[in-house]
Amino acid sequence: MIAVMAPGVLAPGVVGQGGMPWGLLPLAAVNWHAAFFMLFAALACACAVAVVLADNVVRMAFYLVLSLGATAGLFFLAGAEFIGAMQLMIYVGGTLVLLVFGVMLTAQAPFVAIKPSSGDKVLAGMVGAALLAVLLQAAFRVEAWRRPSVAAPVAAAPSATPLGMALLGIRVDEPPSGAVGTRGGYLLPFEIVSVHLLVVLVGAAYLARAKRRRTPRSIDAAASAVSVQERPAGPAGVPLASGGRR
Amino acid sequence: MNQAIFAGFVTAGWGPTFAAGFLSAPVGVAHYLVVGAVLFTAGVVCMVVKRNALGVLMGIELVLNGANVNFVAFASPDLRGGGTPALGLDGQAIALFVILLAAAEAAVALAITLNFYNNHATVDVDRADELKG
Amino acid sequence: MAAFLINSLGLPDWLAWTVTAVVAAVLILHVIAGGALVFIWAERKIAARIQDRLGPTRTGGRFGWLQSLADGIKLLAKEDLMPEGADGLLFRIAPYVSFCASFCAFIALPFAFDFVGQRLNVGVFFVVAVLGLEVFGVILAGYASASKWSLFGAMREAAQVVSYEVPLGMCVVVPVMLAGSMDLVTIAEKQGGWFTSWYLFHDPFTFVIFWVYVTCAVASVNRAPFDLAEAESELVAGFHTEYSGLRWSFFFMAEYGSMFLVSALAAVLFLGGWNGPIPVARLLGLSEGTGDTAGYFVRLLGCGNLLLKATLGVLIMMWVRWTLPRLRIDQVMTTCLKYCTPIAAAMFAGAMLWQLALPGGLIRGLPAWLSRPAGEVREGWLEGPGGLPAGRGGARAASPSVVRVLP
């Protein structure tokens with residue numbers, strides 16, 4: 001139902017095919033593609049701004065989930081169905097779950113809402129405004145980007161199989177008109193990313209392994225007090241400090 | 001009777017102006033680029049302003065998503081006017097790799113943050129200054 | 001349905017699509033809500049019988065049919081509580097996040113050949129992805145309740161769901177590989193005919209993968225024996241300890257909706273979807289691709305088939321719940337990482353090799369009405385301009401020329 005027809009602006013008084021004066025309805029014609037785009041875009045932008053403005057880190061994570069979910073909706077509307085589903089599964093359902101776990105593990109009372117200084121905020125605001133101005137004027141620069149040639153897109157071409165085959169090195173999609181030369185597949189980046197993910201898996205699991213933290217009980221505290229005097233001193237004569245954490 | 005009601009709606013005037021102006025204008029690449037710009041800027045400001053390490057990480061995710069929105073917008077042939085051809089499958093493939101690499105980078109960043117938290121009992125990035133000269 | 005509205009009633013395009021979308025959404029909502037009502041009653045009755053007692057017998061006659069309705073009215077009338085230290089926004093929004101994730105996955109689920117909310121090219125991927133989003137509602141509920149039982153339950157449940165997504169994804173890939181498409185409608189279409197063409201009976205690897213899928217699906221929706229996170233004897237009630245009334249009922253509807261969804265997904269992927277064990281429509285000479293009333297009747301029959309299979313799946317889940325003892329969290333994780341994932345990977349490799357070696361099936365020389373089309377059938381649009389081949393129903397044997405990527 002997202003793949004909708006071309007809208008026309010119905011003038012009042014238009015009589016439809018069945019002879020009923022549907023044209024008198026107030027919403028003359030709703031381009032559902034544009035309506036859903038507005039919905040998803042507003043949600044994504046509003047939640048992105050909310051991530052910046054929120055103080056509570058758990059709420060920031062929640063707004064980020066909403067923003068990325070709305071972005072997935074935007075991907076579906078642009079015809080990139082595979083990328084939209086992938087965004088939902090990997091980004092929202094994987095990366096953000098990981099992030100929320102991290103937030104939960106470190107959401108102790110003092111760190112849940114750390115406020116930056118106001119000087120930082122003003123400077124960041126100015127930088128952000130300048131960057132936004134530059135990007136917005138670049139967005140409306142090219143004439144061909146402002147208005148599509150079709151009023152509303154027709155059903156999206158199937159995107160999973162050509163993408164899958166491109167990842168195996170075989171390009172089956174039609175080349176855009178005016179393109180010259182042969183187009184390569186993505187086999188090498190695909191293999192590199194696979195190995196990269198494996199390396200990251202091993203590395204992250206090693207980095208975040210649970211280390212035994214020694215909390216001194218009363219007996220151990222006495223024992224360690226005795227042993228501090230016998231411990232070899234560092235270069236400046238100060239006893240080595242970091243032994244207690246490991 | 002129904003006709004009178006419909007005529008009343010029309011003369012109220014809110015319908016046609018609302019629909020014709022806002023909802024029936026077709027969506028082009030520029031609209032997607034605006035969304036991408038807002039996401040990117042929000043991400044950059046988030047990275048700059050937040051003192052919580054996880055807040056900085058969220059800023060990074062927003063930046064990458066802004067870039068992804070741009071790529072997907074350029075990849076779609078239905079969104080652009082006559083003239084330049086769309087990126088097509090290449091744009092979608094780039095977005096795919098960006099998502100994968102963002103997931104990997106988020107995992108490593110979180111591992112580092114957790115390690116930092118385990119050692120220093122804080123996630124405040126302003127406290128990570130032991131190497132300061 | 002939109003075409004019917006446009007052509008016969010003369011509605012403008014946008015209005016016809018709006019009405020169609022609203023009708024589809026309302027139907028799906030009724031499937032979930034009505035299903036939850038029926039399943040709650042069924043659960044209480046089945047639990048009772050397995051425990052050698054009777055269950056609800058007073059409300060609404062001898063079998064207590066109106067018990068769910070009475071429960072619903074009671075839940076609506078309960079006091080709206082929120083614990084003192086709870087985060088207001090997150091506490092209020094968590095049940096709806098869970099319910100939305102469960103509801104959105106029904107968009108891509110086909111109930112019959114044309115009865116699908118949105119026919120997505122990446123249907124399977126979308127459904128599995130959205131199912132994994134339900135965990136956010138759980139985590140938010142656990143955190144926002146400001147209670148340690150809720151937080152523990154939520155974290156355990158989230159870890160369980162996320163861990164079981166890996167073998168679930170691998171189990172789901174096998175029917176996708178056999179059908180050559182991620183489109184759920186295509187996967188179910190390819191299993192048309194007699195029950196021997198269901199993917200469950202395609203090869204022994206797929207048979208084993210089906211049972212691994214059942215295990216992973218049950219763990220994914222946190223049903224017994226994997227319901228450690230919300231068990232009464234363990235953590236009071238897990239993440240929904242502090243919820244009561246309508247908000248709690250949203251969590252419950254999300255859970256029953258997810259149970260129905262994974263059962264329906266199993267039916268579409270492995271059990272032939274809307275195709276019955278005997279192709280009644282094909283034997284009668286009707287085809288489901290036509291737009292007239294005979295085609296509509298065939299599709300309705302198919303919808304009934306799918307609902308029956310999904311309901312059987314849910315009932316089996318309930319049966320297992322009241323039969324098997326609960327697993328500990330370390331046993332749950334061991335099952336996922338040491339058993340389900342390696343078995344799923346090995347079976348996937350086996351199914352792939354089987355498909356390469358014996359594409360036409362194990363038994364040659366079967367009569368035409370019992371055999372599957374030989375060779376790999378990929379999506380027809382690869383061959384030339386135009387979309388998928390027209391004319392389903394009788395045209396399976398006359399598939400268009402396929403492209404064999406591998407020699």
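Restricting C:TRP198, C:TRP194, C:TRP149 to residues that are farther than 30 Å from C:PRO83 by Cβ and at pLDDT below 85 narrows the list to C:TRP194. Within segment C:55-84, the set of residues being outside any helix (DSSP H, G or I) and surrounded by 13 or more Cβ atoms within 10 Å (Cβ to Cβ) comprises C:GLY55, C:PRO56, C:THR57, C:THR59, C:GLY60, C:PHE63, C:GLY64, C:TRP65, C:LEU66, C:LYS78, C:MET82, C:PRO83. Count of segment C:297-342 residues, restricted to those that are surrounded by fewer than 15 Cβ atoms within 10 Å (Cβ to Cβ), assigned to a helix (DSSP H, G or I) and among the charged types (D, E, K, R), is 2.
Checked against the criteria, A:ALA166 counts as on the phi < 0 side of the Ramachandran plot and either more than 7 Å from chain B (Cβ to nearest Cβ) or at pLDDT 75 or above (or both).
Can you spot a residue in segment C:207-219 that is modelled with pLDDT under 85 and either in a helix (DSSP H, G or I) or under 15 Å from the mean Cα position of the chain (by Cα) (or both)?
no
Of the residues making up segment B:78-98, those that are at the interface with chain A (Cβ under 7 Å from one of its Cβ atoms), buried (at least 20 other Cβ atoms within 10 Å of the Cβ) and either part of a helix (DSSP H, G or I) or not aliphatic (A, V, I, L, M) (or both) are B:ASP78, B:ARG80, B:GLY88, B:LEU89, B:GLN92, B:ALA93, B:ALA95, B:LEU96.
Put simply, of B:LEU114, B:LEU62, B:LEU39 the only residue that is facing another protein chain (nearest Cβ under 7 Å), assigned to a helix (DSSP H, G or I) and farther than 29 Å from A:LEU198 by Cα is B:LEU39.
Total residues in segment B:46-59 satisfying the condition of being at the interface with chain A (Cβ under 7 Å from one of its Cβ atoms), surrounded by fewer than 24 Cβ atoms within 10 Å (Cβ to Cβ) and in a helix (DSSP H, G or I): the figure is 2. Among the residues making up segment B:65-75, a single one is surrounded by fewer than 24 Cβ atoms within 10 Å (Cβ to Cβ) and either at the interface with chain A (Cβ under 7 Å from one of its Cβ atoms) or of a type in the set (A, V, I, L, M) (or both): B:ALA67.
Among the residues of segment B:117-133, count how many are under 18 Å from A:LEU105 (Cβ atoms) and either touching a helix residue (DSSP H, G or I) at 6+ places or on another chain (Cβ under 8 Å) or part of a loop (DSSP other than H, G, I, E, B) (or both).
Going through segment B:117-133 one residue at a time, the tally reaches 9.
Anything in segment C:73-101 that is within 17 Å of the chain's Cα centre (by Cα) and more than 14 Å from chain A (Cβ to nearest Cβ)? List them, or say none.
Across segment C:73-101, the qualifying residue is only C:PHE99.
When the criteria are applied in full, C:ASP114 fails the requirement of being of a type in the set (Asp, Glu), more than 17 Å from C:SER263 (Cα to Cα) and not assigned by TED's automatic domain parsing to the domain that holds C:GLU165. Filtering C:ALA294, C:ALA267, C:ALA349, C:ALA345 for residues that are assigned to a helix (DSSP H, G or I) and buried (at least 21 other Cβ atoms within 10 Å of the Cβ) leaves a single hit, C:ALA267. Just one of (1) closer than 18 Å to A:ALA44 by Cβ; (2) at the interface with another protein chain (Cβ under 8 Å from one of its Cβ atoms); (3) among the hydrophobic types (A, V, I, L, M, F, W, C) fails for A:LEU105. It is (1). For C:ALA86, indicate whether it is in the same structural domain as C:ALA267 (by TED's automatic domain parsing) and closer than 30 Å to A:GLY102 by Cβ. Spelling it out, it is not the case that C:ALA86 is in the same structural domain as C:ALA267 (by TED's automatic domain parsing) and closer than 30 Å to A:GLY102 by Cβ.
Checking C:VAL138, C:VAL161, C:VAL166, C:VAL176 one by one, the residue that is within 15 Å of C:LEU265 (Cα to Cα) and either touching a residue at least 40 places away in the same chain (Cβ under 8 Å) or at the interface with chain A (Cβ under 9 Å from one of its Cβ atoms) (or both) is C:VAL176 and no other. The single residue among A:ALA130, A:ALA85 that is facing another protein chain (nearest Cβ under 7 Å) and either over 15 Å from B:LEU62 (Cα atoms) or in contact with a strand residue (DSSP E or B) (Cβ under 9 Å, 6 or more places away or on another chain) (or both) turns out to be A:ALA85.
The values are calculated or read from the model by the stated rules, or taken from the named source; none is laboratory data. Being a predicted model, the structure only gives us computed values, none of them experimental. Backbone-built Cβ (ideal geometry, glycine too); neighbour counts: all protein chains shown.
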